Amino acid sequence: MPIAQILTFMTELGDQAVILPFAATVAIALAAAGARREALLWCVAIFVPLFATLVAKIVFVPCGHLLPGLGIRSPSGHAAAAIAAYGGFAVLWAKFADDRRLQALFISTAFLASIGVAVSRVYLGAHSLSEVLIGSAIGLSAPALLWRMGPPADALSPRPRLVFLLLLLPLALAFLLRGRTLSVEGHIAAFAIRLMSAFGVCG
């Protein structure tokens, strides 16, 4: 398979049309397995980087030209979302696994996939390296928050197989939705420009 097709495949996994249903399915699966605390923490951990990316775009789209040395116009939402969702998902799986080698496999595989999404954005010309690095740094907040949440609820210990089965559903969904897009970038840019114009800044 040509490298361009591989990177296109990777970048599609970071689209909001895939990430948002993926994140929602993880939360539902956790709640269905009795892990309501984990489901809530997951929602918070995913919301934080997605909201931070939105704020960063609103700031940089109209104001990025004031800092030409940084080369940032719009931080990469794909990179932020992929690292937040897939990295955070791997941390969740690691929490439910007792074997350290299995934990390492979950985390390393997810982060390699997330890095693939980030690299694809640069290769395909969607973002500069600086924009991808900013997005990636924002996305890391989700797995970092989830890593600090402590062990899973005691109620889950008798049924780890059920948890693993339920957590497979979001991965299947991500591949089923791959190729779909949610075109929000233009709307965010237009809103950001109108907002900054209303305040008379970054003109």
Given (1) at pLDDT below 80; (2) of a type in the set (Val, Ile, Thr); (3) in a helix (DSSP H, G or I), index of the condition Ile46 fails: (1)
Tally, over the stretch 53-84, of residues that are closer than 20 Å to Val201 by Cβ and either in contact (Cβ under 8 Å) with a residue 24 or more places away in the chain or part of a helix (DSSP H, G or I) (or both): 18
Checking Gly77 against (1) farther than 16 Å from Leu146 by Cβ; (2) surrounded by fewer than 22 Cβ atoms within 10 Å (Cβ to Cβ); (3) at pLDDT 80 or above, the condition it does not meet: (2)
Single residue of the stretch 80-122 satisfying the filter (hydroxyl-bearing (Ser, Thr, Tyr) and surrounded by 16 or more Cβ atoms within 10 Å (Cβ to Cβ)) that is farthest from Val55 (Cα to Cα): Ser120
Subset of the stretch 64-87 [farther than 27 Å from Val44 by Cβ and either among the hydrophobic types (A, V, I, L, M, F, W, C) or touching an Asp or Glu at 6+ places or on another chain (Cβ under 6 Å) (or both)]: Leu66, Leu67, Leu70
Given (1) under 17 Å from Ile58 (Cα atoms); (2) at pLDDT 75 or above, number of the condition Trp147 does not satisfy: (1)
Evaluation of Leu140 against (1) at pLDDT 80 or above; (2) open to solvent by 80 Å² or more (accessible area, probe 1.4 Å); (3) more than 14 Å from the chain's Cα centre (by Cα) (one fails), failing number: (3)
Selection count, the stretch 29-63, where residues are open to solvent by less than 10 Å² (accessible area, probe 1.4 Å) and over 19 Å from Ser141 (Cα atoms): 4
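The values are calculated or read from the model by the stated rules, or taken from the named source; none is laboratory data. Please read these numbers as outputs of a predicted model, since none were measured by experiment. Because the Cβ atoms are built from the backbone with ideal geometry, glycine has one as well, and the counts that use them run over all protein chains shown. Just so you know, the surface numbers come from the protein's heavy atoms only, side chains and all, with ligands and any DNA or RNA stripped out. Shrake-Rupley method; radii C 1.70, N 1.55, O 1.52, S 1.80 Å.
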